[in-house]
Structures are given as structure tokens and as C-alpha cells.
Amino acid sequence: MKIVFCGGGTAGHVMPNIALAQQLQEDQLHYVGTDGMEKQLVTDSRLFRSYRTITAAKFQRKFCVQNVLLPAKLIKSVREAKAHLMEIRPDVVFGKGGYASLPVAIAARLLKIPLVVHESDLTLGLANRICSLFCTRTLSTFPLKRATQVGAIVRKSVVCGNRQKGLQIMGLDGKKPILLVMGGSLGAQALNDAVCKSAPLMNKFDLFVITGKGKTLNCDVHSAPFVEDVGSVYAASSMCVTRAGSNALSELALVRLPFLAVPLTRGSRGEQAKNARWFAERGMGLVADEKQLENLPGLVQKLYEQRTAIANAQRKFDFYGTEKAAEEILKAAKK
């Protein structure tokens, strides 16, 4: 069976595709994406028979020249994607969202190839919103109208981490409670800066920061730009301060790791704030905005005091949807 995956822009659009590739274990898996971060992640995974490149333009959430040129660029990228699909002749196309997935999805529609998409957030992103009008099946992490809820698509290694290996990755001995700080695949400079400013006041904890590639950390704290085996880091951590991407929050809830979510609001449609609020309303984490990072030590202490109650609330929910999503993809391919 031939399956084409697409989706890119952030690791949140790519890692679920890698998780599905690990689950499906088909020998005819292909990826169509841009020359961005997804190319490196997909190539390094060694799970796909080929990686085909297209040019794709991202919609800017402000008035700019790039948006005026977007229709012409979209037509060009759809043609490129169509050529790749005609060569591969897949049984089904799976899209994880992001601007890199839209041209491939439209090409699949034009070629009458079954198309399945998955939405991680509480509201459909722009690409998935368009795709939902013509795709074979829309899947989702959360309950959404006109979507089949399957849960979050995550790698099994995320929920089966090894604590000792996690300590080795972080360079820590585990004698103190460990506070993990992460800003998503692109990092969050605001979180990095807040940690450096507050680190001397949080010496009852060991700190480990996943800074994001290209982001800086101007203090002497254990850190790494990116961690492949994040499941082991989760297993060794006591709690987490994080951005509020749906994948990250779902993973943290799955591994029962109490978290403080600091949603990204600039340049977004507000999806992270909605994600964080949904989890917080169910007792599965705390929420703060960037202005409150001035009191990061107080927020972390509050999280530490409530860690047991938060972990207990997380146990009531099961977000693991990788196997269900894989089944839906195979169903669509067989049709």
C-alpha cells in the first residue's frame, strides 16, 4: 500500500506523521513537503521511501505583499504536488495541517485520491479548514463538529520513556525535583529569558531548558536546542513549563506530567490559549500569560504544590490516538 504524508512548518505538523509511519510500518511511505524543517526530520527518521519537495507559501496574518502573491504561488505548488502524486500513485494521502500540506491536499482532490486530515487543536487551522470541505475524512484530537475524534497522534517512545536515560540526556542526577522548560520545536525566547532571570530564585529545583534551534539562553542552566528522545526527558522530570501547542499538552497529559502552559498569542489565531484553557478547566494543568512570567518562581511553586492533584486529573483522560488514526487512514485507502 502506498501512502503519502504531508504537513510542515513546525515539528507539531511533522512528528505525528513520523508516529504514524512507525505505527503503519508500510514499505511504501512517501513524504511531500517543503525544503524546511520537515525535510530534515523526515529524512533523519529513515521511515519513508522518498521525500519530494514543493515550494509552498505561508499565509501571513497581516497585510503584506506575500499575501497578494499567494494565489499564484499556490497554483505553482499544487502543480508540483500533482506531479509528485502522479508519479507515486498513492492509495491515500494523509495531511497533518500547516501551510505545506494544502497544495498536496488540493492535488490529491484533483487526482481523486482519498484524503485524510488530522487537526490537533480545538479549532481547525486554515489549511485543515479548507481541506475539510473536500477530504474523505477529518480526524481530530478533541471533539470537533464534522470530525471523527481519535485523540492525539504521538510516538510510542513519548509515553514509554526511560527515566535514567532522561537524566543522562539532561546531565542531571535526579536528587532534586526537575523543572523542564520547553517552547515547542521553534523555541520560545520569552520562556528562555524568564528562566535566566528567575533561576537563582528556583534553586530548590534542577532546571533543564529545551531552547529551540537558534534561540539563546544567557545563563548557566542545563539545556539543549532540541531533544529527540523527549519521552525519556518527560520520564525524568517532575513538572514542565511549556508553550500550549496541542501536541505538547496532550503528550504531557499522557505521561502524567503536571504543567504550566504559557500560550503563544502573537501572530496566531489564538489556538494555544484555547488549548491551555481546555486542559486547565479540567484540572490537568495551570495557565499563565507572558506578563505573569515576571513571577515565574511563584508560578512554579504553585505548580509544584498542586502536582499530585494535576497528575490525578490527567489520569482520567486518554489522548493516545495513533492506532485509531492509522486505522482510519487504512480504511480510506481501501475504499
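The values are calculated or read from the model by the stated rules, or taken from the named source; none is laboratory data. Everything numeric here is computed off the predicted structure, so don't read it as measured data. Every residue, glycine as well, gets a Cβ built from its backbone with ideal geometry; the counts of neighbours run over all protein chains shown. Each accessible area value is taken on the protein alone, full model and side chains, heavy atoms only, with ligands, DNA and RNA left out. Shrake-Rupley method; radii C 1.70, N 1.55, O 1.52, S 1.80 Å.
Karplus-derived 3J(HN,Hα) values for segment 127-140, using 6.51 cos²θ - 1.76 cosθ + 1.60 with θ = phi - 60°, are 4, 5, 4, 5, 4, 5, 6, 9, 6, 5, 8, 10, 9, 8 Hz; glycine and proline are entered as x. Under 5 Å between amide hydrogens, built in the peptide plane, is the criterion, and for Met239 it picks out Ile178, Leu180 among residues at least 5 positions away or on other chains.
At 222 nm, what value in deg cm²/dmol follows for the chain if DSSP H runs of at least 4 each add -39500 (n - 2.57) and the sum is divided by all its residues, to the nearest 500? If you can, show how the numbers build up before the last one.
Details: 15 runs with 141 residues, N = 335.
So the helix-based figure for the chain works out to -12000 deg cm²/dmol.
Entry comment: accessible area of segment 1-49 is 40 Å² per residue, from protein heavy atoms only and a probe of 1.4 Å.
Largest to smallest in accessible area, the residues Arg266, Arg155 fall in the order Arg266, Arg155 (1.4 Å probe, all protein chains included). With all pairs of separate Cα atoms included, segment 211-313 yields a Kirkwood hydrodynamic radius of 14.3 Å.
In this Cβ point-charge picture (+1 for Lys and Arg, -1 for Asp and Glu), the chain has a dipole of about 880 debye about its Cα centre. Pairs exceeding a 32 Å alpha-carbon distance, out of Lys156/Lys274; Lys165/Lys316; Lys176/Lys215; Lys112/Lys213: Lys112/Lys213.
The three principal axes of the C-alpha atoms in segment 106-193 carry coordinate ranges of 56, 30, 25 Å, sorted with the longest axis first.
The accessible surface of the chain, taken with every protein chain in place and a 1.4 Å probe, is 51 percent carbon and sulfur.
Please tell me the relative contact order of segment 212-335 in percent, rounded to the nearest whole number, where contacts are Cα pairs under 8 Å and at least six residues apart.
Details: 132 pairs, mean separation 28.1, N = 124.
Relative contact order here is 23 percent.
Computed with every protein chain present, the accessible area of His222 is close to 80 Å² [probe 1.4 Å].
Less than 5 angstrom separates the built amide H of Ala188 from those of Gly183, all sequence-distant by 5 or more or on a different chain.
Approximating the spin labels as points 7 Å out from Cα along Cα→Cβ, the Thr265-to-Arg277 distance works out to 1.1 nm. Taking volume of the Cα convex hull per residue in Å³ as calculated from this structure, the corresponding entry among [x] 199; [y] 142; [z] 126 is [z].
Quick check: from the Cα gyration tensor, does segment 151-239 come out rounded (a/c under 1.5), prolate or oblate? Spell out each step's value before the answer.
Working: a/c = 2.04, a/b = 1.26, b/c = 1.62.
Because a/c hits 1.5 or more and a/b fails to exceed b/c, segment 151-239 counts as oblate.
Computed with a 1.4 Å probe on the full set of protein chains, the accessible area for Arg277 sits at about 120 Å².
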